[in-house]
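Working notes, structure below.
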Amino acid sequence: MTEGAGLEPVVPGVVPARVEIYDTTLRDGSQQVGLDLTVADKLRVAAVLDGLGVDVIEGGWPGSNPKDAEFFERAKSMELKNAQMAAFGATRLPRRGVDDDANLAALLEAETPIVTLVGKSWTLHVDEALRTTREENLAMVRESCAFIAAAGRRVVFDAEHFFDGYFADRGYALAVLAAAVEGGADTLALCDTNGGTLPDDVVTIMKEVGAAVARDSAAAGRAPVRIGGHFHNDSACAVANSLVSVAAGALHVQGAANGYGERCGNADLFSVIAGLELKRGHELLPPGRLGALASTARTIAEVANLPFEARQPYVGGSAFATKAGLHASAIARRPDAYSHIEPAAVGNQAQVLVSELAGRSNVLAKAAELGLDLDSGLAGRVLDQVKEAEHRGYAYEAADASFELLVRRSAGVLPTWFQLEGYRVVIERAASGPGGSGADRSEAIVRLRLGADRVVAVGEGVGPVHALDQALRRGLAEVYPALADIRLVDYKVRILDGRDATRAVTRVMLTSADHEREWTTVGVSDDIVTASWEALADGVAYGLLRAGAGAIPDDQLSEAV
Ligand SMILES: [Zn+2]
């Protein structure tokens with residue numbers, strides 16, 4: 001498996017040696033603050049990554065916590081199509097044998113084909129963190145790699161703090177890699193653990209290490225082992241460092257979905273994959289899978305319960321969106337003139353945003369995207385409505401679903417699923433301290449018309465918006481079972497005019513999701529509950545539109561409720 005591990009830079013026109021894609025979302029990525037995956041979540045993320053087609057999925061650290069041990073136990077019955085599973089753990093403890101090391105034993109018990117061992121390569125850490133001799137650290141690396149390799153597992157060695165270690169004591173950092181090679185590691189991942197290294201230094205060091213490791217490999221009587229990189233984004237260079245590593249000879253790249261990771265994150269694996277495939281001709285994923293990149297990124301964000309960043313390169317909702325009305329007609333003529341890649345290559349689309357700056361061509365382009373053919377009179381009316389609404393505080397750039405509803409409503413092609421007759425909300429706040437729980441509890445009563453039927457539903461929740469959402473769902477659940485798949489994922493409130501606090505306008509942006517995608521709706525009012533209701537009702541209507549739910553026949557609609 002180390003044959004052909006070329007350490008030369010990629011030569012233009014020459015098909016490069018295959019680069020291995022190693023995902024560490026479930027181990028390093030899950031160190032991100034606010035990212036808390038259950039075992040079931042981790043299994044789902046692993047299945048999604050396997051579906052995308054990464055080579056290696058690092059599932060966790062079985063020796064460190066029961067959750068990861070349980071993950072590996074349950075992962076044994078997963079049928080992976082593309083990826084191999086890796087278990088992660090540290091080299092043995094100082095002054096102890098490999099045979100009585102619980103961590104190494106847990107790694108073998110995980111029964112993964114690949115084991116990744118992390119070891120110290122910076123003298124500062126050997127002296128101060130490990131508090132052992134430098135010779136003992138080399139023995140720990142060599143013996144641990146040999147122990148795992150002897151069990152028939154493939155060994156990846158993560159050289160922790162490698163770049164800092166290389167600057168501090170180049171000879172020792174290389175001696176650590178040599179010990180791993182001697183022990184039987186077939187891949188050496190140079191880790192920029194503190195994330196401070198810049199791309200030009202990465203290139204220099206990757207090339208120097210490549211040459212040195214080739215010598216060490218020959219001395220150990222082996223083919224050159226594979227060199228790889230593991231970069232953190234503290235200098236905003238994690239993706240750049242990953243890309244230049246490959247140009248400098250690395251054949252293994254580690255990263256995390258959506259750039260998840262502690263502090264500023266790990267290298268965003270999706271940007272790395274897209275860059276290497278589309279711009280450097282590497283074949284990393286199975287044929288045709290690059291088109292699943294955007295949906296994979298979104299799905300993992302959904303499982304992680306984190307907002308999906310619209311500005312995320314390649315896969316974000318705004319990655320190919322453009323605002324200026326000036327450009328819209330030119331974009332319609334030559335889309336390639338305004339984007340760095342064809343958005344469809346990564347499963348994304350060129351979204352045309354609507355805004356106060358929008359011209360008629362923007363509205364027409366957006367309508368065409370929705371499959372609506374507006375004549376110029378209707379386009380003019382839609383544009384007038386957008387401008388008028390934006391003047392009152394609506395923002396349609398992020399509220400794609402509300403905009404679509406507005407266009408369909410203006411074009412007379414929006415069905416009606418329910419009509420509001422009225423609602424009432426009671427907000428209760430008990431005093432905290434002795435005799436009071438301090439909990440907020442709200443109750444909402446919503447009266448709806450569903451054609452000839454009148455429905456009254458009650459909902460309870462934490463706060464008035466939650467209670468209204470519950471009541472609306474309860475009122476519609478029987479008639480529209482599709483609602484069961486639709487949930488609220490994000491709720492944002494913004495006060496638009498703070499000069500007169502009592503008369504400030506409130507804008508609510510609300511994101512809903514089904515199992516495939518998210519959509520955002522907007523409501524504006526001088527009352528926060530009214531604004532929230534508007535966004536809620538739009539969110540539900542859009543979900544029903546997506547689900548193709550049957551609407552109320554026109555002759556049963558009541559007038560102006
Ligand atoms: Zn890391």
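The values are calculated or read from the model by the stated rules, or taken from the named source; none is laboratory data. Values in this document were obtained by computation on a predicted structure and should not be read as measured data. Quick reminder, even Gly has a Cβ in these numbers, built from the backbone with ideal geometry, and neighbours come from all protein chains shown.
Side notes on the structure shown:
- For the stretch 301-318, taking the residues that are touching a helix residue (DSSP H, G or I) at 6+ places or on another chain (Cβ under 7 Å) and hydrophobic (A, V, I, L, M, F, W, C), the one that is modelled with the lowest pLDDT is identified as VAL303.
- Residue in the stretch 498-517 that is more than 26 Å from the chain's Cα centre (by Cα), part of a helix (DSSP H, G or I) and modelled with pLDDT of 90 or more present: no
- Test: VAL458 is surrounded by fewer than 15 Cβ atoms within 10 Å (Cβ to Cβ), out of contact with any Cys (no Cβ under 9 Å at 6 or more places or on another chain) and farther than 26 Å from ALA301 by Cα: yes
- Qualifying residue in the stretch 269-292 (condition: outside any loop (DSSP other than H, G, I, E, B) and over 25 Å from the mean Cα position of the chain (by Cα)): no
- Of LEU43, LEU49, all but one fail to be farther than 24 Å from GLU160 by Cα and modelled with pLDDT under 95; the exception is LEU43.
- The set of residues from the stretch 264-292 being buried (at least 16 other Cβ atoms within 10 Å of the Cβ) and within 16 Å of the ligand (Cβ to nearest atom) comprises GLY265, ASN266, ALA267, ASP268, LEU269, VAL272.
- A count restricted to the stretch 520-561 and to residues that are in a helix (DSSP H, G or I) and either among the aromatic types (Phe, Trp, Tyr) or in contact with a strand residue (DSSP E or B) (Cβ under 8 Å, 6 or more places away or on another chain) (or both) stands at 16.
- Qualifying residue in the stretch 155-176 (condition: within 16 Å of the ligand (Cβ to nearest atom), touching an Asp or Glu at 6+ places or on another chain (Cβ under 7 Å) and among the small types (Gly, Ala, Ser)): no
- Test: ALA168 is farther than 22 Å from GLU128 by Cα and touching a Phe, Trp or Tyr at 6+ places or on another chain (Cβ under 9 Å): no
- In the stretch 217-263, residue surrounded by the fewest Cβ atoms within 10 Å (Cβ to Cβ) [restricted to those that are on the phi > 0 side of the Ramachandran plot and away from the ligand (no atom under 14 Å from the Cβ)]: GLY221
- Top-ranked residue in the stretch 177-211 [being farther than 22 Å from SER144 by Cα and small (Gly, Ala, Ser); ranked as farthest from the ligand (Cβ to nearest atom)]: ALA211
- Tally, over the stretch 179-234, of residues that are within 20 Å of ILE21 (Cβ to Cβ) and either in a strand (DSSP E or B) or touching a Pro at 6+ places or on another chain (Cβ under 7 Å) (or both): 13
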